[in-house]
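Here is the structure we will look at.
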Amino acid sequence: MIASLFSNPLLFVVWIAAIAVTLTVHEFSHAAVAVLLGDETPRRSGRLTLNPLAHADLLGTTMMLFVGFGWAKPVPFNPYNLRIQRWGSTLVALAGPLSNLALVVVFGLLNRLLISFLGSTNLLSIFCSLVVIASAGLFLFNLIPIPPLDGSKFLLDALSAPQYARTRFLLETQGPLLLLGLIFLDRLTGISVFSALFDGIIGFIARIFQIGF
């Protein structure tokens, strides 16, 4: 589905806009929940904003554009400042994927409404469709429990006991390399586990909201 965007410059520009909305809302949600829970670090770092440039990550954003899943620049926060200590980091982490799930529903329903009035080929409908696709991809990708992805925060909070300190250290320091290694191995070997899983679920979502290219 994404490959078809590269042959049309206008559609690719719309895809960039959809990625900007998806990543920005995701990271802003992390920042907003951290601030609501008592930590001002995201605000002081300039991340409590809807400015896409504040959240862009060169590698992660590029992957979103050309692969369909990726990440933005992580929002810094101090877990010791959060009013909820045990699961505060998990709540901050879940805010991002849940915001993308909300975008899927809102823009998916808006797309169905636009199609009924304007058809499926107008740019606004296409934009809504692409926001749904990008948001669904980011939601699914961030559920993987490997740092720095959001799904890892639940795992790390669950391993907060002292006896798991070494495991936590290895995950936090080697997780990004492990994640990139799995992605490249998946691509190079042609196994395409990530693509098959994401394409199947995103295809199901696309059928629900009448998305097609």
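The values are calculated or read from the model by the stated rules, or taken from the named source; none is laboratory data. Bear in mind that the values here come from a model prediction, so they are computed numbers and not experimental data. Cβ sites come from the backbone with ideal geometry, for glycine too, and all protein chains shown count toward neighbours. Each accessible area value is taken on the protein alone, full model and side chains, heavy atoms only, with ligands, DNA and RNA left out. Shrake-Rupley method; radii C 1.70, N 1.55, O 1.52, S 1.80 Å.
Quick notes
- If you go through the range 105-123 and pick out every residue that is part of a loop (DSSP other than H, G, I, E, B) and either open to solvent by 80 Å² or more (accessible area, probe 1.4 Å) or within 16 Å of Ala18 (Cβ to Cβ) (or both), you end up with 3.
- Restricting attention to the range 81-90, the residues that are at pLDDT 95 or above and in a helix (DSSP H, G or I) total 1.
- Of the criteria (1) under 25 Å from Cys128 (Cβ atoms); (2) buried (at least 20 other Cβ atoms within 10 Å of the Cβ), which one Pro42 fails: (1)
- Every pair of residues 6+ apart whose Cβ atoms lie under 6 Å, when the first sits in the range 90-117 and is over 27 Å from Ser160 (Cα atoms) while the second is open to solvent by 80 Å² or more (accessible area, probe 1.4 Å): Arg112/Gln210; Leu114/Leu124; Ile115/Gln210
- Within the set Leu65, Leu11, Leu50, the sole residue that is open to solvent by 50 Å² or more (accessible area, probe 1.4 Å) and either part of a helix (DSSP H, G or I) or modelled with pLDDT of 90 or more (or both) turns out to be Leu50.
- For the range 69-80, filtering for residues that are in a loop (DSSP other than H, G, I, E, B) and open to solvent by less than 80 Å² (accessible area, probe 1.4 Å) leaves 8.
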